[in-house]
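Asker: If you scroll down you'll find the structure; I have some questions about it.
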Amino acid sequence: MIPEGCKPVQLAHPQTSNGGFDSDWISLKNAIKAFIVVEMNQAVGHATKLTVNQATVVAGSDTKVLTNTTRIWANEDVAASDALVRKTAAKDYTVTNDIKKKQVVFEINPADCLDVANAFDCVGVNVADSSQATDFVSITAFLMMKYAEATPPSAIVD
């Protein structure tokens, strides 16, 4: 159930990938799993790299790449189809260099992907510089919560 069992949290409102950016950070302390959904509107073709990083705090002050690879799905042309295609497990994904609307999904299982032994329980996404002012990206995480609650705990505070 959304939002009690699968809480949506916006990591990045629609913004240009010109100059690149880091999304907001979220804590997965109260989540079993997170699905990070990246929506892209590329008005100018660019092979934009998306990297999921981990941190120990939602300020994202001590970041590093994921400890292990994660499952990734992508739809490189959402105008033509709604099919998500499973990609090779990795720590990042680079979209094809073409003018299309795209969707990329990262599955983050904290126990498998994060350095939980060293208190890394926060995630965020780095969007590489596209040098294209008309290419836009938005990012939403869907958190599968450990416990269903009418008001799930915040994921944006430690």
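The numbers here are math on the coordinates, done by the rules we state, and not lab data. Please read these numbers as outputs of a predicted model, since none were measured by experiment. Virtual Cβ from ideal backbone geometry, glycine too; neighbours counted across all protein chains shown.
Asker: Which number comes out as Rg/Rh for the chain once both Rg and the Kirkwood Rh are worked out on C-alpha atoms?
Answerer: Across the chain, the Cα-based Rg/Rh ratio is 0.96.
Asker: For the chain, what does -39500 (n - 2.57) per DSSP helix run (n ≥ 4), summed and divided by total residues, give at 222 nm, in deg cm²/dmol to the nearest 500?
Answerer: Rounded to the nearest 500, it is -500 deg cm²/dmol.
Asker: Okay, moving on. Starting from the Cα of Lys101, draw a straight line to each of the lysines and keep only those under 23 Å, dropping any in the same chain fewer than 8 residues away.
Answerer: Qualifying lysines at Cα under 23 Å: Lys49, Lys87, Lys91.
Asker: Still on this model: Assign unit charges at the C-beta atoms only (+1 for Lys and Arg, -1 for Asp and Glu), then state the dipole size of the chain relative to its Cα centre in Debye, rounded to the nearest 20.
Answerer: 280
Asker: Right, something else. Can you compute the label reach from Thr134? Point 7 Å from Cα along the Cβ direction, backbone N cut-off under 20 Å, restricted to the stretch 2-22.
Answerer: 14-20
Asker: Give the distance, in whole Å, between the Cα centre of the stretch 49-74 and the Cα centre of the stretch 90-137.
Answerer: Here the two parts' Cα centres lie 7 Å apart.
Asker: Please arrange Thr63, Thr151, Thr140, Thr70 by counting, for each residue, the other beta carbons lying within 10 Å of its beta carbon, fewest first.
Answerer: So the ranking, lowest neighbour count to highest, is Thr151, Thr140, Thr63, Thr70.
Asker: Shifting gears a bit: Please enumerate, by chain and number, the aspartates and glutamates with C-alpha under 17 Å from the C-alpha of Lys102, excluding those fewer than 8 residues away in the same chain.
Answerer: Glu39, Glu76, Asp77, Asp82, Asp92, Asp129, Asp135
Asker: Where Lys and Arg each count +1 and Asp and Glu each count -1, what net charge lies around His46 among other residues with Cβ under 12 Å from its Cβ?
Answerer: Surrounding charge for His46 is 0.
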